[in-house]
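Q: One structure follows; several queries about it will come next.
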Amino acid sequence: MAPKQAWRFDLMRAGLVNGSTVGIFRSAAPNGGLSAEPIRRRSRAIAPLLVATVSLMLALIAPAAAHAEPDPVAPESASAPTITSPVSGSFIGSSSATVTGTKTPNSEIQVLAGSSRTNVCTVDNDKPTWSCAVSRLPSGPGIVLSAVQLVPGMPNTESEPVTLDILAPPTIAAGSAQPTSGLVQGGGYPDATITLSIGGGRSWSFPAASDGTWAYVLPRTIGSGTFTVTATQSTSFSEDQFSGPSAARRILLDVDPPGAPRITSPTAGSALRPAGSSFSGTGENGATVDVFAVTASGSDVAVCTATVSRGNWSCTSESLPTGTLTVTAFQKDVAGNVGGGSRPVGVRVAEPAAATPAPDPTQGVDPSPAPVAPVDPPSASPTPTAPTPTSPDAGPPPMADSWVSSTPFTSGVPVLGAGELSWLRALILAGVAILLLLVPARMLATTVGGRRPQPQALSLTGRNRVPTHDDPLPLVASPSAIAAAIGIVVAAGGIALFANPVHGQPEYLRVFLASVVAVALLNLASTVLPRLLARQLFTDAVRVTLAPRLLLTVGVVALLSRVLDLQPALVFGIVFTATVAAGARSTRGVLALLRVGTVFVFGVLAWLASTLLGPASGFIDTLLTEVANIGAMAGIGSAAILLIPLGRLDGRALLVWSRPVWFAAATIVLTVLFALLAPVVDVWQTNGGILIAVFIGLGFGALGFSVWLWRRVIQPALTAD
């Protein structure tokens, strides 16, 4: 191939030139011909440049071409949002709900609630649906919900409104750690019906006020303890539907009234000043004591108020009317329960006598002084000041800790030596009890019960056959008589302790010890002394035996005292009996009189010791005071119960031997018993309980006398006819 054809072929093969291009190169030769070398060198320089340029253009154009799609055209209008749940007309018993619906993708939704169109939720996502948890819904009928859709560059659109009836749960005010007597407060919908529930069980319904506030006092029949309280509410627009329950609250209920406080100063018959007189005593820790006085004309006067701290209280009066006053103290515990009044104390209030003015030493003396020998002036001494007198009315020093805190057994017994009127009242009550209770009880026993054979001993556990020589020895030996006696006495002391409320504080360990000691001393007095005296009066041997069955009587009396809320309590603590094997009727009667008299004297001496000991100020003093108080309650109470002329009690043997002696003994013992229970009688007079007791006594007396009259008089006459 010729040279000219060769380079042209090379360019054409490379695809860079065609025939016309070659013509350009050809004309470029100076002689009109073609020069192969220059054209070949230029083609070698231009070819890479062209290849690079084309490659760069393809690299820039190729991605755009690969992704080239039509630009989205913004819609001229967006679809309106919707609310799919909840549906219109629904009832929601809560302030929170989940609202769902549809919308345009990449748009924002705002949920508006109520007439104020408050924004309660905002949703912004790229989905065609939306969901929002709302927790601030208003309560009321016909609450309107709507969803507003926001799209950039487009006007806002709104959903169709949804109308709902919404009733949020009521609220219960947060309680304090202090116990309450049952008051529960809170808030709800105006004029709604609030239903208060305790532990998901018992419930009570009551209306709320026009501003939505409510308060309710739980009934005292619930008892004391810690309870969980919740509340729901309903309205006219909710019809039969209730709101959800409120947040639960734990409350500490204390519905037991405190015992009567004790006034230790001033004492009966004291003379007081009209202003600045001190009053002090004992009570329940944390309680508020209010002291009142009643004048001779019957007017009530508020004296002073104090808070019980460590079992003691004291306050000072501002102004008292002159004359004779009867002072009584009442206390209200931290839960708001008000107990009975203290034992009234009679005092006299009088103006202090005017001081006689001292004579003027300058009167009748020659003004010109007589010359005297010069003497050294005495050394200056401070002006004497009157020492601050120690008030005899000041209360006892405060107790140190909870181990010596006051309990109902510390200050429950009134001071021995009350006024004449209280003893006269006790004597009248004793006569009423004998005529309406003891005598009718004996009438019923003799007419209805009749004589029955003595029942044989029934063993619920143990042998049912005669032992033989090949019986194995018991694994545990029977306790000795002394161990059994100690165990029964300790049990009696523990049972008697429950005659008053026991709250589990550490001081009740001290009270338990005092109760056991008092019951042990009482049983020693009821067995040892009658046995020694009986040896001097008759020759029949006196047998002292342990009677575990009497523990049932101890428990029944303690339960009766607890139910009737007696303060001081009625206590029975005898667990031993004293009998003669084959003595005559007079011997058994005298022995019964000795036992009743010994137990009664023990109680009176314990009452006197309690009065002499006065307010307790330390552990030993408090323990001795409680031993004396429990001894007084158990001694006088046991003597009164032993005189009941029924069963195997000593009162029956005494009545069979001598009715006048029994009447005299019953009158004395019951008079002292009602004097001991004077604070209880005062409370019953205040709340009308004394009338209920009299009506019950009249009914029982009428029943006993009617049965006796029918069986002993009317029925024999009808039979004779």
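We did not get these values from a lab; they are worked out from the coordinates using the rules stated. On a predicted model such as this, the values are computed, not experimentally measured, just so you know. Quick reminder, even Gly has a Cβ in these numbers, built from the backbone with ideal geometry, and neighbours come from all protein chains shown.
Q: Using the Cβ atoms and a cut-off under 11 Å, what net charge is assigned to the surroundings of S181, where Lys and Arg are +1 and Asp and Glu are -1? Intermediate values should be presented prior to the final figure.
A: Values: positive: R220, K332; negative: D254, D256, D333.
Residues close to S181 contribute a combined charge of -1.
Q: Please label the shape of segment 196-236 as rounded, prolate or oblate, based on the square roots a ≥ b ≥ c of the eigenvalues of the alpha-carbon gyration tensor (a/c under 1.5 means rounded; beyond that, a/b larger than b/c means prolate, else oblate).
A: prolate
Q: Now a separate question. Got a sec to turn the phi values of segment 309-314 into Karplus ³J(HN,Hα) couplings, 6.51 cos²θ - 1.76 cosθ + 1.60 with θ = phi - 60°, whole Hz, x for Gly and Pro?
A: Karplus values, whole Hz, x for Gly and Pro: 10, 6, x, 10, 9, 7.
Q: Starting from 0.36 nm per residue, how many nanometres of slack lie between Q536 and V144 once their C-alpha separation is accounted for?
A: The Q536-V144 span can extend by a further 131.0 nm.
Q: If each residue of separation counts as 0.36 nm, what is the full-extension length gain between I696 and R136 once their alpha-carbon separation is subtracted?
A: 195.5 nm
Q: Apply the a/c threshold of 1.5 to the C-alpha gyration tensor of segment 583-721 and tell me whether it is rounded, prolate or oblate.
A: Here segment 583-721 falls in the oblate category.
Q: For S297 and S96, what does the FRET efficiency come to when R0 = 60 Å and r is the distance between their Cβ atoms, rounded to the nearest 0.05?
A: Numbers: r = 65 Å, r/R0 = 1.09.
Approximately 0.35, to the nearest 0.05.
Q: Mind listing the phi-derived Karplus ³J(HN,Hα) values for segment 552-565, rounded to whole Hz, using 6.51, -1.76 and 1.60 with θ = phi - 60°, and x for any glycine or proline?
A: Going residue by residue, I get 5, 5, 4, x, 5, 5, 5, 5, 4, 5, 5, 5, 7, 6 Hz, with x marking Gly and Pro.
Q: Per-residue HN-Hα couplings for segment 143-160, Karplus 6.51 cos²θ - 1.76 cosθ + 1.60 at θ = phi - 60°, whole Hz, x for Gly and Pro?
A: 6, 9, 10, 9, 10, 9, 9, 10, 10, x, x, 10, x, 5, 10, 10, 7, 5
Q: Can you work out the PRE-style zone for R250? Point 7 Å along Cα to Cβ, and I want the residues of segment 225-240 with backbone N under 18 Å.
A: Residues 225-231 qualify, since their backbone N sits under 18 Å from the label point.
Q: On to the next question. Tell me the net charge near F576. Cut-off is 15 Å between Cβ atoms, F576 excluded, with +1 for each Lys or Arg and -1 for each Asp or Glu. Can you show the working numbers first?
A: Working: positive: R531, R543, R549, R595, R648; negative: D650.
The answer is +4.
Q: What FRET efficiency do you get for Q241 and S115 if R0 is 22 Å and r is their Cβ-Cβ distance, rounded to the nearest 0.05?
A: So, using R0 = 22 Å, E works out to roughly 0.45.
Q: T122 versus A174, label points 7 Å from Cα toward the beta carbon: distance in nm?
A: Result: 3.1 nm between the two label points.
Q: Starting from the Cα-Cα distance between A215 and R543, subtract it from 0.36 nm times their residue separation and give me the gain in nm to one decimal.
A: On the way: separation 328, 0.36 × 328 = 118.08 nm, distance 6.49 nm.
Fully extending the segment from A215 to R543 adds 111.6 nm.
Q: If R0 is 30 Å, what FRET efficiency do you get for S309 and T228 from their C-beta distance, rounded to 0.05?
A: E between S309 and T228, to the nearest 0.05, is 0.40.
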